[in-house]
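Everything below concerns the one structure shown next.
The values are calculated or read from the model by the stated rules, or taken from the named source; none is laboratory data. Owing to the predicted nature of the structure, the values given are computational and were not obtained by experimental measurement. We place every Cβ from the backbone using ideal geometry, glycine too, and count neighbours over all the protein chains shown.
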Amino acid sequence: MSATRIRVLVPGKINQRVIDRLAERFEVVRIESADPVPVSAQMQDVRAIAVSGRVPAALMDALPQLEIIANFGVGYDGVEVGHAAAKGITVSNTPDVLTEEVADTAIGLLLNTLRQLPQAEQWLRRGRWSREGAFPLSPLSLRGRTVGLYGLGRIGLAIAKRLEAFGVSIAYHTRSPREGLAYAYHPTLAGLAAAVDTLVVIVPGTEVTQRTVNDEVLSALGSNGVLINVGRGSTVDEPALIKALRTGVIAGAGLDVFENEPQVPEALMALPNVSLLPHVASASVATRNAMADLVADNIAAWFETGKALTPVPETPFTRRGA
Ligand code: DGY
């Protein structure tokens, strides 16, 4: 079967390489956004979606021939995956190709937060070094810390491996302990927070993880505590975090993700004890190219072989008739 005429919908913005790769074999239809759901005759034979953002249930319902949603990103919280699964629609994501890049960024963000390296660079760039002298000593350091990982999937493990080389103690919390690891396991998040002084969040954004880093967890982390989030903003209760940072309940935070991106609360930006990044953990040209290729390859594989390359666990489907 020739795949050249299969129609692929791309709602919203996406890496240009996804479009270029898809256009080699498919008819690509672009719409500004998934909201409101588009109504047009063109939608009737859309069989795939490539997306970096949201795919609400209503969009799936408006596309009677939809078979696969290829998500640009390992986290697929923008896609209503339960609805896709119920309708027999496959969802794929982009695991593995970004693991090392995100882990690298997590370490960079941790060091920036503790050692205030972005602020030190601004000190130099603004001429303050020559005018005023040395940048003030950083109150915090990685030395002697115990780091707790909230989440120990592929990226969590890659972060832990890097942390081993830094000579810090490592502990973790997941739903159940992972076999064959020397890191201390904690069955509750609050228990992990109480046992460590540095908490790295690398869980997916789901209903189960939503706002689980709350008042109780931040208090347990304590006044020397540092929170790093490279997972999803929805996992952290942002107002509780701002309060904890303001009042010294914890010492600092490094955040690459936020509850309502790209909006970042002014109150957070005004704080001196935070390091903030605009969701760039995987954002190098090489890694984003690899993610783009995997999006296009998932759609191509689905129509050629009847199987996505990297389907998410909720939709382990094969194509009907394949
Ligand atoms: C992901 O893949 O989910 C990342 O957050 C995108 O950078």
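Results for (1) of a type outside the set (A, V, I, L, M, F, W, C); (2) under 26 Å from ILE68 (Cβ atoms), shown as yes or no for each residue.
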residue: GLY248; (1), (2): yes, no
residue: ALA251; (1), (2): no, no
residue: GLY254; (1), (2): yes, no
residue: ASN260; (1), (2): yes, no
residue: GLU266; (1), (2): yes, no
residue: ASN273; (1), (2): yes, no
residue: ARG288; (1), (2): yes, yes
residue: GLU304; (1), (2): yes, yes
residue: GLY321; (1), (2): yes, yes
Restricting attention to segment 267-279, and to residues there that are assigned to a loop (DSSP other than H, G, I, E, B) and loosely packed, with under 15 Cβ neighbours inside 10 Å, which single residue is nearest to the ligand (Cβ to nearest atom)?
-> PRO278
Could you check GLN119 against (1) more than 13 Å from the ligand (Cβ to nearest atom); (2) in contact with a Pro (Cβ under 6 Å, 6 or more places away or on another chain) and say which number it fails?
-> (2)
Only one of PHE317, PHE258 is aromatic (Phe, Trp, Tyr) and free of Cβ contacts under 8 Å to residues at least 60 places away in the same chain; which?
-> PHE258
Across segment 240-266, the tally of residues that are part of a helix (DSSP H, G or I) and either farther than 26 Å from GLY78 by Cα or under 20 Å from the mean Cα position of the chain (by Cα) (or both) stands at 6
By residue number, the members of segment 88-99 that are assigned to a loop (DSSP other than H, G, I, E, B), farther than 14 Å from ALA283 by Cα and hydrophobic (A, V, I, L, M, F, W, C) are ILE89
What helices (runs of 4 or more DSSP H), lying completely within segment 138-222, carry at least 3 residues that are closer than 22 Å to THR247 by Cα and at pLDDT 95 or above?
-> 189-195, 215-221
Complete set of residues in segment 104-113 that are over 10 Å from GLY254 (Cα atoms) and within 12 Å of the ligand (Cβ to nearest atom) | THR105
Would you be able to say whether some residue in segment 282-294 is surrounded by fewer than 17 Cβ atoms within 10 Å (Cβ to Cβ), more than 16 Å from the ligand (Cβ to nearest atom) and modelled with pLDDT of 95 or more?
-> no
Can you run down the residue pairs with Cβ atoms below 6 Å, 6 or more apart or on separate chains, where the first is in segment 279-293 and free of Cβ contacts under 8 Å to residues at least 40 places away in the same chain and the partner is away from the ligand (no atom under 11 Å from the Cβ) and in a loop (DSSP other than H, G, I, E, B)?
-> none
Say whether the condition of being aliphatic (A, V, I, L, M), more than 25 Å from ASP104 (Cβ to Cβ) and free of Cβ contacts under 8 Å to residues at least 24 places away in the same chain is met by at least one residue in segment 123-144.
-> yes
Residue that is nearest to ASN112 (Cα to Cα) [pool: residues in segment 227-251 that are touching a helix residue (DSSP H, G or I) at 6+ places or on another chain (Cβ under 6 Å) and surrounded by 23 or more Cβ atoms within 10 Å (Cβ to Cβ)] | ILE228
Filter segment 215-233 for residues that are of a type outside the set (A, V, I, L, M) and within 12 Å of the ligand (Cβ to nearest atom) and give the result.
-> ASN229, GLY231, ARG232, GLY233
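What number of residues within segment 48-96 satisfy the criterion of being on the phi > 0 side of the Ramachandran plot and either more than 16 Å from the ligand (Cβ to nearest atom) or of a type in the set (Phe, Trp, Tyr) (or both)?
1
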